[in-house]
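Report on the following structure.
Read-outs: derived from the displayed coordinates by stated rules, not from any lab. It should be emphasised that the depicted structure is a prediction, and the values quoted were computed from it without experimental measurement. Positions of Cβ are backbone-derived with ideal geometry, glycine not excepted, and every protein chain shown enters the neighbour counts.
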Amino acid sequence: MRVVTPVTTPTRLHLKKNDRLEIDWADGHQCVYTLPYLRSMCPCAQCRTVREGQSPHNLQSPTRKPLLTILPGNYARPLSALSAEIVGNYALRIDWSDEHGSGIYSFQYLREICPAPVDSTKNKNR
């Protein structure tokens, strides 16, 4: 069960397909995600496995994490978001120009990976 709170409830989602995703949250916080950052943080199982330093084809536990983490995504061409859709009332799915689109970014996950720190003084008066 997903708990709806002001911290994880967006009031505005604005996707600039060649630049960024802006989200205003019900608690007054704003997050701005660049597209390369969002793509590299894709929450799908394959991308998460690659970020954690494992081969997506190896079903055994890794013996050692590599020294250099290779982030998922094909950046040979400029990255853009081709389209996006709301999934239920809890997430956003983005189709990327690198032909990836299986990641479902829950609003809770998007809030967790927000690049902007929460300004605690801003939320004290709410």
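Taking amide H as placed 1.01 Å from N in the peptide plane, the amide H of ALA91 sits under 5 Å from that of PHE107, each at least 5 places away or on another chain. Which net charge results for the neighbourhood of GLY101, defined as the other residues with beta-carbon distances under 12 angstrom from its beta-carbon, given Lys and Arg at +1 and Asp and Glu at -1? Summing Lys/Arg as +1 and Asp/Glu as -1 gives -2.
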